[in-house]
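Scroll down for the structure; my scribbles are underneath it.
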Amino acid sequence: MEYTSKEIGRLLGLSEVETSTDHLLTEISIDTRTIIRPARTLFFALPGGMRDGHDFIINAFDQGVRNFVIQQSDCSTKISEANFFVVDDVLGALQKIATHHRKLFLQLRRIGITGSNGKTIIKEWLYQMLHDVFNTVKSPKSYNSQIGMALSLLGIKEEHQLGVFEAGISRKGEMEKHLQMLEPEIGLITNIGSAHDEGFESRQEKLNEKMILFRNAKTLIYRQEDQLIHEFIASNYSDKVLFTWGNSDAADVRVMHSSLERGNRQITIQFKSQVETLNLRYSDQASFENCMHCIAMMCFLGLSLIEIKQRVNRISGLHMRLELTSGLDQSILVNDAYSADLDSLQVALDFVRQQAGQREKIAILSAFEQSGKDEEAVFQEIIKHLAQYGFSQLVYISENRFEVDTNSITVEFYTSKKDFLDNLYGLVIAHKAILIKGARHFGLEDISDRLSAKGHSAALHINLTALEQNLRIYKRFLKENAGVIAVVKASAYGSGSAEVAQLLERNGVDYFAVAFADEGIRLRKAGISTDIMVFNPDLTSLPDIVRYRLEPEVYTFEQLAEIIRYTLHNNTEITIHVKLDTGMHRLGFLVGELNRLTTLLVNAPKVKVATIFSHLSSSEDESDDQYTLRQFDQFQSMYEVICGLINQKPKRHILNSGGISRFKEHQYDYVRLGIGMYGIDKNPAIQPNLRKVHSLYASLIQVKKVKKGESIGYNRKTILQRDSIIGIVNIGYADGVMRNLGNGRFAYTVHGKPANILGNVCMDLTIVDLTDIPEVKVGDPVVIFDDAKTIEELATAAVTIPYEILSRISDRVNRRFLRE
């Protein structure tokens, strides 16, 4: 966008605007941590239950921002050197500007996508397949909220011919705003599932709300066999052009045949007189439906099935996600070797900035061949983006070289991937952050493999996008002003505490909680500035606790006395969190100890009590609710006694993940969110909306035929009852796969089918039965658990809980952090 300060004032209907200077504004910010060009940034101080943008005005001003949209009721923080646009509703102002901006571009054909699932992947796949046919603009990332839609529309430029935007809602009344902003010409409805069920009385009500987006659309695209959607459209939107796909002859795009073979799906489709067979490199039903929505859209837009077949092959196997792994010489690698365009580059650069901390940043990029622009012009755009995000070096793989201003970025040109790999020894990567990104056919994943830290090939995948979405789901269950304490102890339940904490900090959690001081120190060294409480502090580490601004939990008089002594001796303050025992009987002060406790606190001027808290023993167990309610009563009573005796009112917290959605009235000032962030919660009110964050994978390292009657593994625990094909999997109990899963108690997954564990699980290996899984070979991936074969199933088979499974996964198992 390009607007002056005065134009912004006029757009917002402000007759008198206090403008100190008229600036050219090209950037929008709602988060001070994402500001790139402050002098050209318009900051919207969005209020919210967890964070209020008005609290960050000074921070934005100190970065160089001079233009702010603020709310009438929160306009006390004003600076004479800046422009302030005072409105009744900041979000409404953002949406008003976005709507105006969209209306400037009459040439743009607008596609609106909504539904319960698949919106983002369909949008991304359409972009991948269409952006060199139509100059296309799309919602960045998964921007589909009231804020996200507005930010997406502000990205429209004069040259764009097609816009692909997704719209998401979580409750009634939201879609009307999306309609006003976007007014799509073409509508695509994916499906109606369980996501956000809690915001609606029924699936029908949710569908009614979603379809508001298409009230003024000319065309609707959907799957004909989706009965709920089909009946709604037939009853309410029969005046529109309806374009469907499905299995019946009545569908515009007919699926004549669909079959699966070794993880691939082959489909034969008919459109008008055209018939083509397509091979898709994925087998799951969701991906098939997402792809068919894309195919139907392309047919409607006039592409032939032959063209579509080529374009589907272009995106086959596309990961649609960023991958963060450890590199050689303590570097980190962000692998995005699947797409090459300027929009996804910006997403990748933002991810690198989040994870890099103070590391120097290097980009290894191929030519962006399918941008629809001259390569030199695209190269200049790449340089501009890299400079904005603080990159110091670019390795550029292309047959062409360019003599342009590189903004002090060191650029090295290589004619091919082989040319670069032959000279790889010259690249200094120690302690740096490296982005690898390019078009699929360049095969830049080979570079990632060469630069990766070598070790165990088994890998725990941590989906940061799912983690972020789970956090948002829990926040929707919070009452106003209840903050979030993110529990990242035990290396964030095996995930990697620094990487997870960096993501959570950007999403506005109020506190981190760790088990030991050294975990908190690692977070500080990774650049985490949010407050950190330490559940089990070793008081010999008090100097480090003070140095790194950590806040210890206190649950014994010995701890408290030592902290008081240290503060007085060193004339320093320490913030603490007081733990009460309300019935868990693990750690904490008892009722009879409160007088002694408060006497010590009153006489400790250098000790600040930040919170008073307790721990529930059975928050997720409905049969124990009466006991849980007694714990709440006990906690409240003890809290009031302490407050009365110390004449202070520290903040309170008692709920863990399992209690957040079940006991809203007891959320107090904070809730502690741990295992729930990773998609594990027994409460049916929230579980269907969560996404699993962890997936554990290994590989087949040997496949062999063994005769009936032969024994398998240590102690000959399994005797084969038939001639069998067995596989050796490179993961064992030293990696965290519990030994009691052997002898048929659990099955891994190979090619989508169960592979029962034979014999005992070994230290480094597992033996599995592959007899009923044809065409297996060495190197094939093996799923230990993922979205389909869940960690809960594994925990049940191992007679334990998911907590233990995650915390047992060995450090020698690679961690791969994925961003969709």
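Numbers at a glance
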item: Solvent-accessible area, 1.4 Å probe, carbon plus sulfur percent, for the chain; result: 46
item: Along each principal axis, Cα extent of segment 56-151, largest first, Å; result: 49, 29, 26
item: Tyr639 accessible area, 1.4 Å probe, all protein chains in place, Å² to nearest 10; result: 10
item: Nitroxide proxy distance, nm - points 7 Å out along Cα→Cβ at Asp723 and Asp55; result: 7.0
item: Asp786 accessible area, 1.4 Å probe, all protein chains in place, Å² to nearest 10; result: 30
item: Segment 576-642: trypsin sites (Lys or Arg not before Pro) falling in loop per DSSP and having at most 10 other Cβ within 10 Å; result: Arg586
item: FRET efficiency for Lys682 and Ile306, using Cβ-Cβ distance with R0 set to 56 Å, rounded to 0.05; result: 0.65
item: Potential lengthening between Val275 and Asp22 on full extension [0.36 nm per residue; Cα-Cα distance subtracted]; result: 85.2 nm
item: Extended-chain gain in nm, criterion 0.36 nm per residue less alpha-carbon gap, Val347 and Leu11; result: 118.0 nm
item: Span-like helix ranges in the chain, DSSP H, alpha carbon extent 27 angstrom or more, Kyte mean at least -0.5; result: 625-646
item: Share of alpha-carbon pairs per 5 Å distance bin for segment 373-431, given as whole %; result: 4, 17, 27, 23, 20, 8, 1, 0
item: Along principal axes, Cα extents of the chain, largest first, whole Å; result: 90, 87, 64
item: Separation in nanometres of the label points that stand 7 Å from Cα toward Cβ, at Gln388 and Ala234; result: 4.9
item: Largest to smallest accessible area among Cys643, Cys75 [probe 1.4 Å]; result: Cys75, Cys643
item: Calculated FRET efficiency for the pair Asn481/Lys157, C-beta based, R₀ 35 Å, to 0.05; result: 0.30
item: In Å², nearest 10: area of Val799 left accessible to a 1.4 Å probe; result: 110
item: Share of pairwise Cα separations in segment 50-110, more than 20 Å, in percent; result: 38
item: Projected-area average for segment 1-103 over all orientations - Cα convex hull basis, square nanometres; result: 6.1
item: Gain in span if fully extended, Leu590 to Phe557, counting 0.36 nm per residue against the direct Cα distance; result: 10.7 nm
item: Separation of alpha-carbon centers, segment 471-523 and segment 412-440, rounded to whole Å; result: 34
item: Within-14-Å neighbourhood charge of Leu188 [Cβ basis; K, R +1; D, E -1]; result: +3
item: Distance violations [Cα-Cα > 25 Å] among Lys123/Lys437; Lys103/Lys384; Lys96/Lys210; Lys361/Lys525; Lys651/Lys692; result: Lys103/Lys384; Lys651/Lys692
item: Cα centroid separation - segment 746-820 against segment 560-605, whole Å; result: 45
item: Selection from Phe56, Thr598, Ala561, by position along the positive dipole direction of the chain (Cβ); result: Ala561
item: Segment 117-157-segment 618-684 distance, computed between alpha-carbon centres (Å); result: 40
item: Pair Val799, Phe402: separation of 7 Å Cα→Cβ label points (nm); result: 6.4
item: Segment 752-795 - convex hull of the alpha-carbon atoms, volume per residue in Å³; result: 97
item: Rh by Kirkwood over Cα pairs, then Stokes-Einstein D for segment 707-820 at 0.692 mPa s and 37 °C, µm²/s; result: 224
item: Ordering of 529-540, 211-222, 290-301 by packing [mean C-beta count within 10 Å, highest first]; result: 290-301, 211-222, 529-540
item: Cβ-derived FRET efficiency at R0 25 Å, Arg171 paired with Asn216, nearest 0.05; result: 0.65
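The values are calculated or read from the model by the stated rules, or taken from the named source; none is laboratory data. Note that the coordinates shown come from a computational prediction; the quantities given were computed from them, not determined experimentally. Neighbour counts run over all protein chains shown; Cβ positions are idealised from the backbone, glycine included. Just the protein is used for accessible areas: all its heavy atoms, side chains included, with ligands, DNA and RNA removed. Shrake-Rupley method; radii C 1.70, N 1.55, O 1.52, S 1.80 Å.
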